Amino acid sequence: MWFGKRGLVAKISGGYCIILTSKGTYEKIPMPAQGARVGAEVSYPAVIPSHVRPMMLVASLLILFVCLSLIGQVSPPVAMAYISLDINPSLELSVDKNLRVIDAKPFNDDAANLLKQENLRGKSLYDALAAVVNRAIAQNYIKAGQDNLIVSTVTPSGTGTASIDQRSIQQFLDKTISTGKLTAEVKTYSATPEFRAEAEDKGLSPGKYLVYEQLIGTGNQVSIADVQKNTIRKLVNTYKINLLPNYQKIRIQKRSNGQEPEITVDENGKTIPVADLSRHSSTQDNVDNGHPVRQQKAAADNGHGARPKTVVPNIRPNTRQDRDNKKGQNNVRQTDEVTNNRRAPRSKPIAPIPADRPEKDSRFRFYQRP
């Protein structure tokens with residue numbers, strides 16, 4: 001590193017000048033480019049001594065490291081996954097690679113009011129989920145005597161990997177709700193970034209967008225505004241649809257003919273359109289509505305009631321007299337009215353004995369078996 005110095009030219013020798021400094025010392029410098037003469041004052045650069053150079057290099061590297069650290073802290077963190085939560089407050093949490101919440105986005109007014117009361121940024125994912133559920137309980141979005149339903153979706157951002165298990169989220173939500181001595185049905189799904197982007201374009205969370213596609217697939221006339229303002233439980237009960245089973249992976253496939261994109265589900269290694277699954281579920285509901293046994297099974301499967309137990313009567317005789325009576329009843333012949341439905345046994349006519357046949361002793365008389 002160079003610093004400017006000034007001095008008087010005391011002597012010129014070849015390509016060098018002897019400079020008298022203000023401190024009364026002499027320095028030998030190269031001849032300035034503009035030339036010099038004895039007695040003239042010139043400016044010249046001074047070289048830092050060699051023993052100072054290593055120290056200056058270390059200081060420069062230290063300053064560079066500090067600057068890079070500050071830049072890393074100032075730059076916004078990158079979201080690795082998105083977790084949506086639909087109770088009636090519909091919101092989405094963005095988490096980084098350490099599963100720390102870096103952003104919380106509301107999808108309706110209820111969620112906006114909830115987030116004003118809860119600062120979720122900086123919390124771990126599970127602490128944030130617990131805070132949302134507890135706040136929903138405090139505001140009577142989840143309460144006793146109500147058919148509570150929570151739908152959650154996990155979407156990777158595509159820029160990195162964040163280890164989030166759907167089952168662990170479901171179990172954590174179940175445990176958090178049961179702590180308040182409440183019950184709720186919890187559905188968890190995974191979605192692709194393309195599906196989340198399509199839901200975001202319509203102003204819906206991925207969970208509500210999935211329900212919207214199911215409603216459209218069953219031929220229901222429903223608007224985006226209706227889905228936004230109503231809970232998923234109310235939509236399910238009003239339009240009589242069944243939600244998909246847990247842990248399904250939701251995809252979206254673009255169409256080249258300009259039609260709406262098709263929403264599909266990965267099931268048993270196959271890609272099935274959500275509309276087909278929704279129509280199948282709706283048809284099955286109509287069949288079950290006319291069958292009392294299937295109604296009982298459907299109610300038990302959906303968690304609305306316990307499946308009735310089959311009561312087997314005690315038909316074993318308790319006493320010897322009962323056994324004798326039963327044995328006697330089994331030996332009684334059926335009446336003609338009952339036996340009309342059974343085939344009567346065939347009988348062969350008895351062949352007459354020839355007249356020329358010598359009569360034998362009656363003890364050896366032959367009879368024709370009927």
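The values are calculated or read from the model by the stated rules, or taken from the named source; none is laboratory data. All figures in this text were calculated on a predicted structure; none of them were measured in a lab. Here the Cβ positions follow ideal geometry from the backbone for every residue, glycine too, while neighbour counts run over all protein chains shown.
Return yes when residue 152 is without any contact (Cβ under 8 Å) to a residue 12 or more places away in the chain and within 23 Å of residue 244 (Cβ to Cβ) and no when it is not. No. Taking (1) in a helix (DSSP H, G or I); (2) buried (at least 17 other Cβ atoms within 10 Å of the Cβ); (3) of a type in the set (Gly, Ala, Ser); (4) not assigned by TED's automatic domain parsing to the domain that holds residue 152 in turn, residue 69 satisfies each apart from (2). Number of residues in the range 127-140 that are in contact (Cβ under 8 Å) with a residue 12 or more places away in the chain and either more than 21 Å from the chain's Cα centre (by Cα) or at positive phi (or both): the value is 3. Residues that are surrounded by fewer than 22 Cβ atoms within 10 Å (Cβ to Cβ) and closer than 25 Å to residue 113 by Cα do not occur anywhere in the range 206-217.
Meeting the requirement of 1 or more residues that are in contact with a Gly (Cβ under 9 Å, 6 or more places away or on another chain) and at pLDDT below 80, the strands (runs of 3 or more DSSP E) wholly within the range 1-58 are 41-47.
How about the range 179-218: which of its residues are in a loop (DSSP other than H, G, I, E, B), more than 11 Å from residue 84 (Cβ to Cβ) and touching a residue at least 40 places away in the same chain (Cβ under 8 Å)? The answer is 180, 182, 184, 192, 203, 218.
For the range 227-237, the tally of residues that are in a helix (DSSP H, G or I), out of contact with any helix residue (DSSP H, G or I) (no Cβ under 8 Å at 6 or more places or on another chain) and within 17 Å of residue 110 (Cβ to Cβ) stands at 3. Search the range 157-178 for residues being assigned to a helix (DSSP H, G or I) and polar (S, T, N, Q), and hand back the single one that is modelled with the lowest pLDDT. So, considering only residues that are assigned to a helix (DSSP H, G or I) and polar (S, T, N, Q), the one modelled with the lowest pLDDT is 166.
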